[in-house]
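Undergrad: Before anything else, here's the structure in question.
Taken together, the values in this text are just the output of simple stated rules run on the coordinates, not laboratory data. Not measured: the values here are computed from a predicted model. A quick note on method: Cβ atoms are made from the backbone with ideal geometry, for glycine too, and the neighbour counts reach across all protein chains shown.
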Amino acid sequence: EYKDIKMKHTKYSAVIVGSGIAGLYAAIKLHKEAKLEDGLLIVTKSQLIESNSKYAQGGMVCVMPENKLDSCTLHIEDTIKAGAGLTDAKVAAFISEKSAEVVKELQKLGVDFDRDENNKLKFTKEAAHSVNRILHAGGDATGFCIENALVKYLMSQKDIDIYEQTLAVELLKDSKNINRGLITYNYSENEYEIVETPVVILATGGIGQLYKYTTNPDITTGDGIALAYRAGAIVKDMEFVQFHPTAFALGENGTMFLISEAVRGEGAKLVDKDGHTFMEKYDKRLELAPRDVVTRAIFNEMKETNTSNVYLNATHISEEKFEKRFPTIFGTCREYNINPSKDYIPVSPSAHYFMGGIKTQVNGKTSTEGLYAIGEASCTGLHGANRLASNSILECAVTAFELVNFLKSKNLEEN
Ligand code: SIN
């Protein structure tokens, strides 16, 4: 269908599609550590900084030796329980064991996780975690802080080409089913390009915008997964979509602002319009039951009371403390005249995360040679049927890390 269109033809050693945490971290590591004779290209649909990762609030799981209450065994158990037993236990173990190493690397790249007055890393809790093990940054702006640090680092490097406002529209393969590159389309210039490369890395995120209500930004349309599927790659667990229990139920359109689970981690209660709690009817872990359980409970309450939302009661947290711990959430609530330390916050469930995706190994290898997927676009098996909170940024970082190690171990130019 492109045969009549004149296209530029370029060649790169590797092309990364998507500029969330997985894509940026893979780009930085590849550029630092691998031999890239024909250079590295990042293709991104909007601006480099815009991604689903940027909106992640709560944090990133890390099993740190200094966190004496925690262990990989506990983290793996929590991940499997939250995933309804469908998690791949080997993948969970691998990712958990790598967490401290990737966090150290991210810190070296400029990511500052929040620390207490003694300069010790702070660990918070979210649903279905048996201990506090979640690192956060900027209070409730973890995704933004990591993304921003990686963008800054990347921009300080030479020789990485970046195509913004550009879509990947087709993956190219040869007759032996080996990846040969892709076709890109820059929609602001109306230009197509054939990009020849032995390594295509899809870091294109999830599918939230396929739903009427989602916490994901406009760009999260599942196109990377569709591209891979059309090119014959195997996809997996396509029925597993996670709905976050507490999206902000005030707003103008279907893209909903998130009220982080960390607010419940700090003790906030779910209540009906009369201030009555209801989670005791559904699960003994109450507000910190796994996300799918809390979402179904809220949905049921909304149906039974014929209302379009329930509320989060965080009034036990003082205004000063709330603003300091959750500056982004505080700011948005105030825009809507809600003071979280005095008023209930209206919340309802919203599509949030896709457990399924392009079937990969933990190093991003797909069923198609030369095609890799990392982050939310991939399905490593870590999340089973329901992702444990804050395991997603961890998975982005570990899959990027492992992919680069794999590519280094194989001569990139050999493909
Ligand atoms: C949240 O902050 O509630 C979201 C964290 C996540 O999706 O892992």
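Undergrad: Criterion first (within 17 Å of the chain's Cα centre (by Cα), within 16 Å of the ligand (Cβ to nearest atom) and hydroxyl-bearing (Ser, Thr, Tyr)) does THR87 satisfy it?
TA: Details: within 17 Å of the chain's Cα centre (by Cα): no; within 16 Å of the ligand (Cβ to nearest atom): yes; hydroxyl-bearing (Ser, Thr, Tyr): yes.
Criteria not met by THR87.
Undergrad: I'd like the full set of residues that are surrounded by fewer than 16 Cβ atoms within 10 Å (Cβ to Cβ) and of a type outside the set (Lys, Arg), limited to segment 131-152.
TA: So in segment 131-152, the residues surrounded by fewer than 16 Cβ atoms within 10 Å (Cβ to Cβ) come out as 132, 152.
Once the filter is applied, which keeps residues that are surrounded by fewer than 16 Cβ atoms within 10 Å (Cβ to Cβ) and of a type outside the set (Lys, Arg), segment 131-152 yields only ASN132.
Undergrad: Right, something else. Got a sec? Which of MET279, MET302 is hydrophobic (A, V, I, L, M, F, W, C), more than 15 Å from ALA128 (Cα to Cα) and out of contact with any Cys (no Cβ under 8 Å at 6 or more places or on another chain)? Before you say what the answer is, go through the steps one by one.
TA: On the way: MET279 fails: more than 15 Å from ALA128 (Cα to Cα).
Of the residues listed, the single one that is hydrophobic (A, V, I, L, M, F, W, C), more than 15 Å from ALA128 (Cα to Cα) and out of contact with any Cys (no Cβ under 8 Å at 6 or more places or on another chain) is MET302.
Undergrad: Kindly establish whether ILE207 is within 16 Å of the ligand (Cβ to nearest atom) and in contact with a strand residue (DSSP E or B) (Cβ under 6 Å, 6 or more places away or on another chain). Quick ask: steps written out before the conclusion?
TA: Numbers: within 16 Å of the ligand (Cβ to nearest atom): yes; in contact with a strand residue (DSSP E or B) (Cβ under 6 Å, 6 or more places away or on another chain): yes.
Considered against the rule, which asks whether it is within 16 Å of the ligand (Cβ to nearest atom) and in contact with a strand residue (DSSP E or B) (Cβ under 6 Å, 6 or more places away or on another chain), ILE207 comes out as yes.
Undergrad: Of the conditions (1) within 16 Å of the ligand (Cβ to nearest atom); (2) within 22 Å of LYS284 (Cα to Cα); (3) outside any helix (DSSP H, G or I); (4) more than 17 Å from the chain's Cα centre (by Cα), HIS75 fails just one. Which one is it?
TA: Single failed check for HIS75: (3).
Undergrad: Follow-up question, since we're still on this one. Taking HIS383, is it in contact with a strand residue (DSSP E or B) (Cβ under 6 Å, 6 or more places away or on another chain) and closer than 19 Å to ALA82 by Cβ? Can you show your working first?
TA: Working: in contact with a strand residue (DSSP E or B) (Cβ under 6 Å, 6 or more places away or on another chain): no; closer than 19 Å to ALA82 by Cβ: yes.
No.
Undergrad: Could you tell me how many of the residues in segment 396-415 are within 16 Å of the ligand (Cβ to nearest atom) and surrounded by fewer than 24 Cβ atoms within 10 Å (Cβ to Cβ)?
TA: The total comes to 0.
Undergrad: Checking the structure you have, find out if any residue of segment 365-372 is farther than 27 Å from MET238 by Cβ, part of a strand (DSSP E or B) and not aromatic (Phe, Trp, Tyr).
TA: Within segment 365-372, none of the residues are farther than 27 Å from MET238 by Cβ, part of a strand (DSSP E or B) and not aromatic (Phe, Trp, Tyr).
Undergrad: Would you check if there is a residue in segment 364-377 being of a type outside the set (A, V, I, L, M, F, W, C), closer than 30 Å to SER409 by Cα and within 16 Å of the ligand (Cβ to nearest atom)?
TA: First, pick out the residues of segment 364-377 that are of a type outside the set (A, V, I, L, M, F, W, C): 364-370, 372, 375-376.
After this cut, where a residue has to be closer than 30 Å to SER409 by Cα as well, the list is 364-370, 372, 375-376.
Now restrict to residues that are within 16 Å of the ligand (Cβ to nearest atom): 375-376.
Within segment 364-377 (the criterion being of a type outside the set (A, V, I, L, M, F, W, C), closer than 30 Å to SER409 by Cα and within 16 Å of the ligand (Cβ to nearest atom)), the answer is yes, since at least one residue qualifies.
So that you can scan it fast, the table gives a plain yes or no per residue for (1) more than 16 Å from the ligand (Cβ to nearest atom); (2) outside any loop (DSSP other than H, G, I, E, B); (3) small (Gly, Ala, Ser):
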| residue | (1), (2), (3) |
| --- | --- |
| ALA27 | yes, yes, yes |
| LYS32 | yes, yes, no |
| ASP38 | yes, no, no |
| GLN47 | yes, no, no |
| GLY58 | no, no, yes |
| GLU66 | yes, no, no |
| ASP70 | yes, no, no |
| ILE80 | yes, yes, no |
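Undergrad: Can I ask one more? Could you pull out the residue among ARG296, ARG285 that is surrounded by fewer than 21 Cβ atoms within 10 Å (Cβ to Cβ), in contact (Cβ under 8 Å) with a residue 40 or more places away in the chain, more than 13 Å from the ligand (Cβ to nearest atom) and more than 16 Å from ILE345 (Cβ to Cβ)?
TA: Working: ARG296 fails: in contact (Cβ under 8 Å) with a residue 40 or more places away in the chain.
None of the others qualify; the one that does is ARG285.
Undergrad: Go through segment 100-129 and report how many residues are of a type in the set (Gly, Ala, Ser) and either part of a strand (DSSP E or B) or over 30 Å from LYS269 (Cβ atoms) (or both). Working first, answer last.
TA: From segment 100-129, those of a type in the set (Gly, Ala, Ser) are 100, 110, 127-128; that's our starting set.
Subset that is either part of a strand (DSSP E or B) or over 30 Å from LYS269 (Cβ atoms) (or both): 100, 110.
Looking only at that region, the number is 2.
Undergrad: Could you grab me the full set of residues in segment 210-252 that are assigned to a strand (DSSP E or B) and within 15 Å of ILE358 (Cβ to Cβ)?
TA: Restricting attention to segment 210-252, the residues satisfying the condition of being assigned to a strand (DSSP E or B) are 214, 235-236, 241-248.
Of everything in segment 210-252, those that are assigned to a strand (DSSP E or B) and within 15 Å of ILE358 (Cβ to Cβ) turn out to be VAL235, LYS236.
Undergrad: Which one of ALA247, ALA268, ALA262 is under 27 Å from HIS129 (Cβ atoms), more than 19 Å from the chain's Cα centre (by Cα) and within 16 Å of the ligand (Cβ to nearest atom)?
TA: One residue alone meets the criteria, ALA268.
Undergrad: Restricted to segment 130-160, and to residues that are touching a residue at least 60 places away in the same chain (Cβ under 8 Å), in a loop (DSSP other than H, G, I, E, B) and more than 15 Å from the ligand (Cβ to nearest atom), which residue is farthest from GLU33 (Cα to Cα)?
TA: Step by step, filter segment 130-160, then rank; the result is VAL131.
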